[in-house]
1. Each label point is 7 Å from the Cα along the Cα-to-Cβ direction; what then is the distance between the points at A49 and L167, in nm?
2. For the stretch 13-20, just list the computed ³J(HN,Hα) in residue order, Karplus coefficients 6.51, -1.76 and 1.60, θ = phi - 60°, integers in Hz, with x standing in for Gly and Pro.
3. Need one value: the accessible area of W11 in square angstrom, 1.4 angstrom probe, rounded to the nearest 10.
4. Keeping all protein chains in place, calculate the accessible area per residue for the stretch 114-170 (probe 1.4 angstrom), answer in Å².
5. Report the FRET efficiency, 1/(1 + (r/R0)^6), for R61 and R18, where r is their Cβ-Cβ distance and R0 is 22 Å, rounded to 0.05.
6. Rank these by accessible area, largest first, 1.4 Å probe: C32, C110.
7. For a quick check: with amide H placed at 1.01 Å from N, whose amide H comes under 5 Å from V137's, ignoring anything fewer than 5 positions away on the same chain?
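The values are calculated or read from the model by the stated rules, or taken from the named source; none is laboratory data. As the structure is a computational prediction, the values presented were derived from the model and not from experiment. Using ideal geometry, Cβ is built from the backbone for each residue, glycine included, and neighbour counts are taken over all protein chains shown. All accessible areas refer to the heavy atoms of the entire protein, side chains included, with ligands and DNA or RNA removed. Shrake-Rupley method; radii C 1.70, N 1.55, O 1.52, S 1.80 Å.
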Amino acid sequence: EHGVGARDGRWVPWVGERLGRAIAALAAAHGCEPAAVPTLLASEPALLAAVADSLRVGETRFYRDPSQWEALRGWLRGRRASNSGAADPPRTGPAQTRGWATFRGVSVGCSTGEEAYTLAMILEEARRAGGVGSWSVLGIDRSAEAVAAARRGEYPGAATDPLPAELAAG
C-alpha cells in the first residue's frame, strides 16, 4: 500500500533499523508494548502513513549521479546530430514542435525536487541547442510535504553548489 517492504524476501538493513525505531516510538507514545503496534497501525491508518513516511529515502541533489545526466546530454546531442543534414524532420502529430518532439520527463520519487529541476535544466539546454522542441517535467512523490517543497523551488545556498554558476545565480 505504501511502497515499503522486503525485496527478494529480504529487508534492506536500514529499513529494518528505521522500522524498529518507528515501532518503539509508537509503542512509547501510546503506552503499549511494541508487539501491540501492528494492531494500533491497523486501527489508525494515519499512523501507518506516518510510519511509511519515516521509511522514505528522501535523498535528492542537483546533478545527483552525474554519469546519468551526461548520458542524457549525449543522447540529446545525438538526436540533434542525427538530424543535422535533414531539411525538415518528419512530423508525426501534434506533439511535434520546432523540428523535434516535445520531451516529457518524469521524476519518480522526486523528493524535494532537485533531480526534477536538474532534468528541466538539461532539457532547456537541449531546447536552446535544438535537441528538443518543447519540454515538460513532472515530479511525483508519495510525500505531500516533499512535493510542496519541490513546488516552492527554494533551496539553501549549499544545495546549489553543484549547479553551473549562471544557473545558481538565478
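1. Placing both labels 7 Å along Cα→Cβ, they lie 3.3 nm apart.
2. After applying 6.51 cos²θ - 1.76 cosθ + 1.60, I find x, 5, 5, x, 5, 5, 5, x Hz.
3. Approximately 130 Å² for this residue.
4. Numbers: 3210 Å² over 57 residues.
Result: 56 Å² of accessible area for each residue.
5. Working: r = 21 Å, r/R0 = 0.94.
My answer for the efficiency is 0.60.
6. Numbers: C32 40, C110 5 Å².
Largest accessible area first, the residues go C32, C110.
7. Correct list: G105.
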